[in-house]
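Report on one structure; see the data block that follows.
The values are calculated or read from the model by the stated rules, or taken from the named source; none is laboratory data. The shown structure was predicted, so the numbers you read here are calculated from the model rather than taken from an experiment. With ideal geometry, Cβ positions are generated from the backbone for all residues, glycine too; neighbour counts draw on all protein chains shown.
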Number of protein chains: 2
Amino acid sequence: MPDSISQVAARSRAAANVLALATRATKDATLETMASALLSDYALIIDANAADVSAAEAAGMPAHMIDRLRLDRSRIEGMAQGLREVAGLPDPVGTVLRGSTLANGLELRQVTVPFGVVGVIYEARPNVTADAAGICLKSGNAVILRGSSSALSSNTAIVTSLRTALTDTGLPEDCVQLAPGEGHDAVKELMRARGLVDVLIPRGGAGLIRSVVEESTVPVIETGVGNCHVYVDADADLEMALAIVLNSKTHRTSVCNSAESLLVHADVAADFLPRVVAALQDADVTIHGDAAFTAYDAVVPATDEDWDTEFLSLDISAAVVPDLGAAIEHIRAHSSGHTEAIVTGSQSAARRFTAEVDSAVVMVNASTRFTDGGEFGFGAEIGISTQKLHARGPLGLPEMTSSKYIVIGDGHVR
Amino acid sequence: MPDSISQVAARSRAAANVLALATRATKDATLETMASALLSDYALIIDANAADVSAAEAAGMPAHMIDRLRLDRSRIEGMAQGLREVAGLPDPVGTVLRGSTLANGLELRQVTVPFGVVGVIYEARPNVTADAAGICLKSGNAVILRGSSSALSSNTAIVTSLRTALTDTGLPEDCVQLAPGEGHDAVKELMRARGLVDVLIPRGGAGLIRSVVEESTVPVIETGVGNCHVYVDADADLEMALAIVLNSKTHRTSVCNSAESLLVHADVAADFLPRVVAALQDADVTIHGDAAFTAYDAVVPATDEDWDTEFLSLDISAAVVPDLGAAIEHIRAHSSGHTEAIVTGSQSAARRFTAEVDSAVVMVNASTRFTDGGEFGFGAEIGISTQKLHARGPLGLPEMTSSKYIVIGDGHVR
């Protein structure tokens, strides 16, 4: 009989109460120890992972998922390196966000504090286990990790290793725990643990995120679905536009900040379409086009769904729009609110696009691929929020905190 | 057949797209016009309210609720004054929260933007209609208002008046709308309108808030339940402690920042208990005490539930604790995370209490009654958040915004 979520969460809460008070020095030493533990437990982790991989292969898991599940020397070194990088980042806890002395002499300050207990729900990528544990530890949060059951042996080995490191530096080992139970019912328990778990972060594909958002009573930070657009304006430098479209689409296709849709101003269509179609097709991209694009060879007609599709592959939807307003309307209708880019030489077009497009990140003359915590200089990133509450865009360490007001008087009453 | 929530929300979205771009000058002029409209429509609003009050009286609504439902000259003037005060506050939209130039020359800035469409669910207090409309307008959000059906005539009259004002200053009247339909099913529709409504804010009692939190798929900002504690430490100035306990409990009992529980360090119990019991009882407060308190006349024994109860009345639970650690443990077990106060002369006790008590506001030597947007100098307040995501403590205008990143390059690709 596994522990219930309330038992696990109660241990997390007790650990979180201790961790919230830990100094940066203690947390950083722990992260370094965690990194070393992963390397010294390398063989155990690889063995556990091999068992997961065999079972997944026997169950017929697709090759690209097996690839994400599989750990090797370089991936484990990458996990350790990630923990060390988090140790190098500033402590997000204890920052004074604002402060003032009120007219009556009360001293007011708003200070960042950890959330407390954070749940992370993710797919069969065991490296997320170490990444999420490191980010949560540094931000003072106890974490409850719910990976895919197909990675359970790997995750158990990694968590065992990390917990040893916690004990070594004197922090409660329950700062890092796996969620109890298996299957959807167990996930559901975690999603209904309001009051026990402070925040849930789903990391994974659209289906996982939608199910967490729909079913959770715990506050959720929604991450990661990106139907990103590049709009090539009438005033664009077409060489620049070509480079940005290609980079946004083909630099890496499986990620949420890759472009999925191309919009081109009618005034430059005659010039730009032959060049962009040729360049995309040279890069093996299938274009799902409107009537203007299907005039070119091997462009397939876009279906209604294509405009809303996050392909995550060498596919892109593409349309010609009569003007900037129509581009903004199209984006409003179809974007997932992740990242949209305009390519333009016009200051007024850039100003209008950045003001009217309501997405987490709006780019001018830059590839959508720059939406990334690392690129933004935030260091570690636990995901990219596409919701408007709490945090929007790349989630760095500061976004992993809440705040409280501390008010100091000397006998003040109303 | 009333409009569906999707029809109403679509109109709100269109209005929000325009409102998001409105200048502060336009928004402030609109707020002033809204205030004037309420005063010139005074008779219509009073008539509509009289119909609600008669119906509520016929239906046997309790007197204290009738009192909240009833509008008179001074309440309508108060609503108008509230709108004018919001006009006087800084615009929360367009603030640059952070910005930098990245190593590759990309210019990054994070700018506050409106949420878009905000739903506010509240009880039979028609003044909330104008307050919420004003705060949402100033923060650039279209609002969908869902008051109690028992206030529907009043709310309709107020919203009609406010919408006239919007038209007068050229903003879309759909910046302010009532939610369609009646009864719990209609509320449920609003709570499930994820994607159509960006944020829901319930304003009201514990039951209302719990039901919104449980049922909503739209992100919620939880407000208002306060089981606030005052802890009198061993090192307290007992005169100061007496004043703070009395003020926290009796200054106004029906509000979420009033104290509901008193904890006293054992070392000062013999000195302090006779004085605090006498003072509270003089103020007609019923003390629900532990064994130490029931040694005094007319103190009733506390039940298990009393420790978790937000009385909102002249009642207080009271216990003696062996030390500061026990006080913190008690607060962790029973607090709703709103406001807790310590009375102490000890710097180390104050430091420990403010570090270890995880509530939206932690007071040292001050009354819990100071947790308030007005007292904190925030101006208008739409509630006090007791959740950890997005905003915690009094919700001022800045908390009514999201943000987006604007990234400017000159052809940057990865």
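Annotations
- B:Arg210 being in contact with a strand residue (DSSP E or B) (Cβ under 7 Å, 6 or more places away or on another chain), at pLDDT below 95 and surrounded by fewer than 24 Cβ atoms within 10 Å (Cβ to Cβ): no
So that you can scan it fast, the table gives a plain yes or no per residue for (1) surrounded by 24 or more Cβ atoms within 10 Å (Cβ to Cβ); (2) over 20 Å from the mean Cα position of the chain (by Cα); (3) on the phi > 0 side of the Ramachandran plot:
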{"residue": "A:Ser149", "(1), (2), (3)": "no, yes, no"}
{"residue": "A:Arg163", "(1), (2), (3)": "no, yes, no"}
{"residue": "A:Cys175", "(1), (2), (3)": "yes, yes, no"}
{"residue": "A:Gly183", "(1), (2), (3)": "no, yes, yes"}
{"residue": "A:Glu189", "(1), (2), (3)": "no, yes, no"}
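- Test: residue in region B:282-290 that is over 31 Å from the mean Cα position of the chain (by Cα), at negative phi and surrounded by fewer than 23 Cβ atoms within 10 Å (Cβ to Cβ): yes
- Picking from residues in region B:94-123 that are within 17 Å of A:Thr354 (Cα to Cα) and among the β-branched types (Val, Ile, Thr), the one that is nearest to the other protein chains (Cβ to nearest Cβ) is B:Val113.
- Put simply, of A:Glu305, A:Glu381 the only residue that is acidic (Asp, Glu), more than 10 Å from every other protein chain (Cβ to nearest Cβ), closer than 23 Å to A:Ser258 by Cβ and over 15 Å from the mean Cα position of the chain (by Cα) is A:Glu305.
- Residue match in region A:1-13 (condition: modelled with pLDDT of 95 or more, farther than 18 Å from A:Arg146 by Cα and of a type in the set (D, E, K, R)): no
- Considered as a group, the residues in region B:215-233 that are without any contact (Cβ under 8 Å) to a residue 40 or more places away in the chain and either hydroxyl-bearing (Ser, Thr, Tyr) or more than 12 Å from every other protein chain (Cβ to nearest Cβ) (or both) include one that is nearest to B:Gly383 (Cα to Cα), and that residue is B:Ser216.
- Elements of type strands (runs of 3 or more DSSP E) in region A:82-168, at least 1 residues being free of Cβ contacts under 8 Å to residues at least 24 places away in the same chain: A:96-101
- In the set B:Ala206, B:Ala193, only one residue is under 15 Å from B:Tyr122 (Cβ atoms) and under 23 Å from the mean Cα position of the chain (by Cα); that residue is B:Ala206.
- Residue within region A:312-326 that is more than 11 Å from A:Leu263 (Cβ to Cβ) and part of a helix (DSSP H, G or I) present: yes
- Scope region A:234-262; condition more than 10 Å from every other protein chain (Cβ to nearest Cβ) and at pLDDT below 95; matching residues: A:Thr253, A:Ser254, A:Val255, A:Cys256
- Cβ pairs under 8 Å, 6+ apart, first in region B:22-33 and within 17 Å of B:Glu77 (Cα to Cα) and among the hydrophobic types (A, V, I, L, M, F, W, C), second at pLDDT 95 or above and surrounded by fewer than 18 Cβ atoms within 10 Å (Cβ to Cβ): B:Leu31/B:Arg84
- In region B:194-207, the residue that is farthest from B:Pro180 (Cα to Cα) out of those that are away from chain A (no Cβ under 13 Å) and surrounded by fewer than 18 Cβ atoms within 10 Å (Cβ to Cβ) is B:Ala206.
- Qualifying residue in region A:300-318 (condition: within 20 Å of A:Ala243 (Cα to Cα), among the small types (Gly, Ala, Ser) and crowded, with 19+ Cβ neighbours inside 10 Å): yes
- Filtered residues of region B:266-301 (kept if within 13 Å of B:Ala318 (Cβ to Cβ) and not in a helix (DSSP H, G or I)): B:Val285, B:Thr286, B:Ile287, B:His288, B:Gly289, B:Asp290, B:Ala295, B:Tyr296, B:Ala298, B:Val299, B:Val300, B:Pro301
- Within region B:376-414, being in contact with a Phe, Trp or Tyr (Cβ under 9 Å, 6 or more places away or on another chain), part of a loop (DSSP other than H, G, I, E, B) and within 20 Å of A:Val220 (Cα to Cα) holds for B:Lys388, B:Leu389, B:Arg392, B:Leu395.
- The residue of region B:362-374 that is nearest to the chain's Cα centre (by Cα), among those that are in a strand (DSSP E or B) and touching a residue at least 60 places away in the same chain (Cβ under 8 Å), is B:Ala366.
- Within region A:248-266, tally of residues that are in contact (Cβ under 8 Å) with a residue 60 or more places away in the chain and either crowded, with 22+ Cβ neighbours inside 10 Å or not assigned by TED's automatic domain parsing to the domain that holds A:Thr354 (or both): 9
- Selection of region B:122-147 for residues being polar (S, T, N, Q), crowded, with 24+ Cβ neighbours inside 10 Å and more than 17 Å from B:Pro90 (Cα to Cα) yields only B:Thr129.
- Hits in region A:264-292 - residues which are of a type in the set (A, V, I, L, M, F, W, C) and touching a Ser or Thr at 6+ places or on another chain (Cβ under 9 Å): A:Leu280, A:Ala283, A:Val285, A:Ile287
- For region A:335-371, the tally of residues that are at the interface with another protein chain (Cβ under 9 Å from one of its Cβ atoms) and over 27 Å from B:Arg13 (Cα atoms) stands at 5.
- Scanning region B:310-327 finds no residues that are within 11 Å of chain A (Cβ to nearest Cβ), within 30 Å of B:Ala133 (Cβ to Cβ) and touching a strand residue (DSSP E or B) at 6+ places or on another chain (Cβ under 7 Å).
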